[in-house]
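In what follows, a structure is listed as structure tokens, so that the remarks can point back to it.
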Amino acid sequence: MGSAEDTKPLNLSEPLLPSTAFAAPASAEEEEQYPPITYNRGNRPLRDLPFLILFLILSFLTFALGIVVSVRRNPNRSRASVFIYDSSSSSCIPPPTSSIHDLSSMYVYSSTSVFARDLIWTFVITLLLAGPIALSILFLLRHLAKQVVYTFIPFFILTLIFLNLYWFIACQFGLSCRQSFPLVYRIIVLVFFFLFIALIVWLIVSNWHRIKLTVRILRISSSALASNIALFAVLPSLVLGLLVYFAPIVVFLVLATFNGKIVPWEREDGGYSCKWKQAGWVPSYFALAIITMIWSLSAMVETQAYVTSGTIAQWYFSMEERKPRWSIRNSLRNAFGPSFGTICFSGMVLGVIRVVRITVDTARREDIASGFVKVLLRCCAEYFLAAFDFVNKFTINFSAITGESYCSAAKMTYELLRRNLLSAAFVEVVSARTLAGIIFVISTLYAIAVYAILKSIDDLGTETYYIAVLAWTLLMIFLGYFVHVLEDVIDTVYVCYAVDRDKSEVSRQEVHEVCSLLPVSRNHRTSLDSRTPFLV
């Protein structure tokens, strides 16, 4: 497809939202600073090399010191309680061999219970069904997106109503619950949740026009993901690779606790006993290993987003009748090659955001910070964390498309959306909430089915609830991962549409027909409302 200079620009004002009618013309200085943006199909240079080197150094130190702690471990740690104090040498010595009890005889292993059997079978069956359920959702969204969304929205409301009534009735018939939870409080909670459900219904009805647009977005994104179905094999393999990478680090952390010595200590009665004293450098190794693991986990998440974005971008900018070859392989090569430093940089930012957010949430739960000023600081922290998280997400999408460094991709993403008057908030919020509602309904129906089957086979009482909750949690985790991948696809398609619009080109007509109806930037909404009646 030629550039704007080689071919006559397409007239987007008829079926689409015109990109040049509203955007202010870029100055020569802006054009020089931000050259025309396009998908980079050629060889890409190394980016953000210092962060790649820093990540490799931390990983090397974690493994090298882990080998050291393995060699230096003290095998007597587990027997510290049986060591005795020797007054002649003022030290702790091992007891005579005959006095060492076989601790294994203290443990009694019971046979496999019915609860354990049902728990294991539920776990295995849920794992086996998670993949087919996710693929079924993808197929339905691709071909029947409207019917799926319009069916699951009422089911979502009915599910909430059912759960609200179920806990109230179950508590009424349960003796312990009825005694510990008075009827007045139960009615208050019941009414409160009904009001909450009414609020959700009002939000859905008031935003129904946005849901109609979301249906079309989900259909296109599902088609893009179905065209690159091999991502469902590649992305989980990255998770398995991370687990293999984590396995020796976890072993090193366990062995690090065996570094130290058994020392005497004086009791209150004046006598002496022996206790384990950990080496002073062990906490430092724990900090190094945990930082490395958090950074590695964040980098893996960003690698998945990078591979997904690169693969979908190749699908988007290819000829509609020709499927790109080796698209996933090319994305993996770029991710673990020239752009791995960018992924490490993005992973570091993501890891810092997660750690700070956990710290803020912990302070809120424990009421560490009180007072108006501290509450205001917490709100500001949440706002900036959300902003950084949002920018970081679109930055890695843009970097996968263009091969730019992290900082350059962040600037160019902002400039791309700004000069085309595009808003990214709508894409994230409405589509994500709709998908979350769908998987919530499916997981809840699955948990109810598990509970009913177990109740008919083995009536375990309250333990049946625990197994059903486990099944619900597992399926939510797996389907949540599927939703996460689909959200990356939606974000990538939107950025690719912005690139198209910036060059006044149309690579995917069906994408332009939908994305042209998305809301524009809030800074320009007032001036555009009278000229674009379909915008929301």
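Cα centroid distance between the stretch 382-404 and the stretch 140-169, in Å?
The distance from the Cα centre of the stretch 382-404 to that of the stretch 140-169 comes to 32 Å.
Counting only the backbone N, which residues of the stretch 209-248 are under 15 Å from the spot 7 Å out from the Cα of Leu135 toward its beta-carbon?
Once the point is set 7 Å along Cα→Cβ of Leu135, 226-236 turn out to lie under 15 Å by backbone N, inside the stretch 209-248.
Name the residues whose placed amide hydrogens come within less than 5 Å of the amide hydrogen of Tyr272, ignoring near sequence neighbours (fewer than 5 apart) on the same chain.
Arg267
So what is log10(I(q)/I(0)) for the stretch 176-268 at q = 0.17, 0.20 1/Å, when the Debye sum runs over its Cα atoms only?
Once normalised to I(0) and log-transformed, intensities are -0.89, -1.03.
List, in the order given, every pair from Lys146/Lys411; Lys393/Lys503; Lys212/Lys455 whose Cα-Cα distance in the structure shown is over 30 Å.
Where the Cα-Cα span goes over 30 Å, the pairs concerned are Lys146/Lys411; Lys212/Lys455.
For a paramagnetic label modelled at 7 Å from the Cα of Leu385 toward its Cβ, which residues of the stretch 328-365 fall within the zone defined by backbone nitrogen distances under 20 Å?
346-365
Taking the Cβ of Arg219 as the center, what net charge do the other residues with Cβ under 10 Å away carry, scoring Lys and Arg +1 and Asp and Glu -1?
+2
Reachable lysines from Lys261, Cα under 23 Å, same-chain residues fewer than 8 places away excluded?
List returned: Lys275, Lys277.
So if I take the centroid of the Cα atoms in the stretch 465-511 and the same for the stretch 53-67, what is the distance between those two points in Å?
Here the two parts' Cα centres lie 34 Å apart.
Apply the Karplus curve 6.51 cos²θ - 1.76 cosθ + 1.60, θ = phi - 60°, to the phi angles in the stretch 379-393 and return the couplings in whole Hz, x for Gly and Pro.
4, 5, 4, 4, 5, 5, 5, 5, 5, 5, 4, 5, 5, 4, 5
Coordinate-derived values only; no laboratory data. Just so we're clear, the structure is a prediction, and the values are computed from it rather than from any experiment. All Cβ positions, glycine included, derive from the backbone under ideal geometry; neighbour counts span all protein chains shown.
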